[in-house]
Amino acid sequence: PRYRPDWASLDARPLPAWFDRAKVGVFVHWGVFSVPAWGSEWFWWHWQGQHDAAYERFVRRRFPPGTTYADFAPRFTTHDFQPRQWAQLFQRAGARYVVLTTKHHEGFTNWGSPVSWNWNSVDTGPHRDLVGELGEALRESNLRYGLYHSLMEWFNPLYLADKQSGFKTQSFVLKKTMPELYDLVLKYKPDLIWSDGDWEAPDSYWNSTSFLAWLYNDSPVKNTVVVNDRWGRGCSCRHGDFYNCADKYRPGTLPDHKWEMCSSLDKLSWGYRSNMSLAEVMDEMSMIEELVQTVSLGGNYLLNVGPTKEGVIVPIFQERLLALGRWLDTNGEAIYESQPWRVQMENTTDTVWYTSKGPVVYAIFLLWPRDSVLHLSSPIPSPGTQVTLLGFAGTLEWQLLPGKGMLITLPYMLPSPLPPQSGWAVKLEGVK
């Protein structure tokens, strides 16, 4: 069927299957904001939109008098950017898709956008097509490629004029936003478009529905592409193939629409900060906890890193991504291609979460029980029920609990001064 440029028609499109199966993605925030590398990726706005004293002081101390934000672009060198290394790292992290910022609210494009003259990565700074190079490397590694794109640009005079008119005029959309979106799709054939920067204006200003109708009907990726929900004021959590709702969004109960939780390894920023401290980086336990909660509630988990201006993913981020990958090497069976079960978490404790695949149920527990006996009250076992622990050979003993549920005897763990790693998955066959 052809989709009409209205939400009723667009929202009826079935979700391409790959996205729900993927479960795990990596988000990359990279741009001119990686040059000051301080505060956050909203650096320009805090500095010159809000005239925040801390940002003004920072620029005064570190850069010559009269420095403008445009002066940062030549320092965005990406000298050490090795797209194949990134792709291998993301693959080892267990990601099935990667989303790169092609353009943040600063308007600088990470490809040679024909409508962003001299404010793009080919004309200045790296003199490289970052979007294209990463895309090629990801495809070699069989990873899906998503493109983040901000609809608005804080200081673009065309945008400011449209805003001044109460968004009655659309010259920014017609001369900048839409030409870039069409260019990205035709040039890079993305699997996903992660839209942002929509909130000041309605979707009618952005021409979102006509773009999406073209995307779903006639674009080279019409059968595979998925989009999020940021297409204009009021669209969030209401329209799109999957919902983000808000950054770091966590629903309390199982949503009835596919969703994604985006989270960042640096708890204070999405872009790289040179003064980040270890305490501000998510630890392995929190990362796995977020992943497990998200997937058991039917979501995908998109974990963000901010590379440096040279194109380095700092070792602490690499270490966290590889820890996630090791965990998934053992427990991925309970994550990838899974579905929410009839119960998402144990009422008795917040540390057991469920996923399922057909008749098989997985109980993922985040803390090792004191006496090495796992108490599950939700599954209803049968005489033929079999229990195994992912990553451990052999079956586990279990017994029926009088009343409800089952007690599972876990393998003996060697005593250790360190708490054991976080998160284990028990596979239950023959339960209801």
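Data for the structure
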| quantity | calculated |
| --- | --- |
| Set Asp241, Asp247: member being open to solvent by 50 Å² or more (accessible area, probe 1.4 Å), of a type in the set (Asp, Glu) and not in a strand (DSSP E or B) | Asp247 |
| Exclusive hit being of a type in the set (S, T, N, Q), over 20 Å from Pro307 (Cα atoms), modelled with pLDDT of 95 or more and surrounded by fewer than 18 Cβ atoms within 10 Å (Cβ to Cβ), set Asn156, Asn118 | Asn118 |
| Complete set of residues in the range 184-198 that are closer than 20 Å to Pro5 by Cα and open to solvent by 30 Å² or more (accessible area, probe 1.4 Å) | Leu186 |
| Within the range 276-322, tally of residues that are of a type outside the set (Lys, Arg) and farther than 21 Å from Thr78 by Cβ | 29 |
| Search result, residues across the range 1-30 that are under 15 Å from Val226 (Cα atoms) and either without any contact (Cβ under 8 Å) to a residue 60 or more places away in the chain or assigned to a loop (DSSP other than H, G, I, E, B) (or both) | Tyr3, Asp11, Ala12, Arg13, Pro14, Leu15, Pro16, Ala17, Lys23 |
| Scope the range 316-337; condition under 18 Å from Val387 (Cα atoms) and polar (S, T, N, Q); matching residues | Thr330, Asn331 |
| Within the range 310-341, tally of residues that are open to solvent by less than 10 Å² (accessible area, probe 1.4 Å) and either touching a strand residue (DSSP E or B) at 6+ places or on another chain (Cβ under 6 Å) or acidic (Asp, Glu) (or both) | 5 |
| Test: residue in the range 44-62 that is in contact (Cβ under 8 Å) with a residue 60 or more places away in the chain, assigned by the TED database to the domain that holds Leu303, open to solvent by less than 10 Å² (accessible area, probe 1.4 Å) and among the aromatic types (Phe, Trp, Tyr) | no |
| Filter result (touching an Asp or Glu at 6+ places or on another chain (Cβ under 6 Å), over 18 Å from Tyr188 (Cα atoms) and open to solvent by 10 Å² or more (accessible area, probe 1.4 Å)) within the range 78-108 | His79, Asp80 |
| Residue in the range 294-316 that is acidic (Asp, Glu) and either over 16 Å from Arg250 (Cβ atoms) or without any contact (Cβ under 8 Å) to a residue 12 or more places away in the chain (or both) present | yes |
| Subset of the range 31-56 [not in a helix (DSSP H, G or I) and not polar (S, T, N, Q)] | Gly31, Val35, Pro36, Ala37, Trp38, Gly39, Glu41, Trp42, His51, Asp52 |
| Of all residues making up the range 57-84, the number that are touching a Gly at 6+ places or on another chain (Cβ under 8 Å) and either more than 18 Å from Gly112 (Cα to Cα) or not in a helix (DSSP H, G or I) (or both) | 8 |
| So Thr355, is it modelled with pLDDT of 95 or more and open to solvent by less than 40 Å² (accessible area, probe 1.4 Å) | yes |
| Criterion: within 30 Å of His46 (Cβ to Cβ) and either out of contact with any Pro (no Cβ under 8 Å at 6 or more places or on another chain) or in a helix (DSSP H, G or I) (or both) - qualifying residue of Leu321, Leu328, Leu291 | Leu321 |
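The values are calculated or read from the model by the stated rules, or taken from the named source; none is laboratory data. Keep in mind it's a predicted model, so treat the numbers as computed, not measured. Note: ideal-geometry Cβ built from the backbone for every residue, glycine included; neighbour counts use all protein chains shown. Remember, those area values only see protein heavy atoms, side chains included, never the ligands or the DNA or RNA. Shrake-Rupley method; radii C 1.70, N 1.55, O 1.52, S 1.80 Å.
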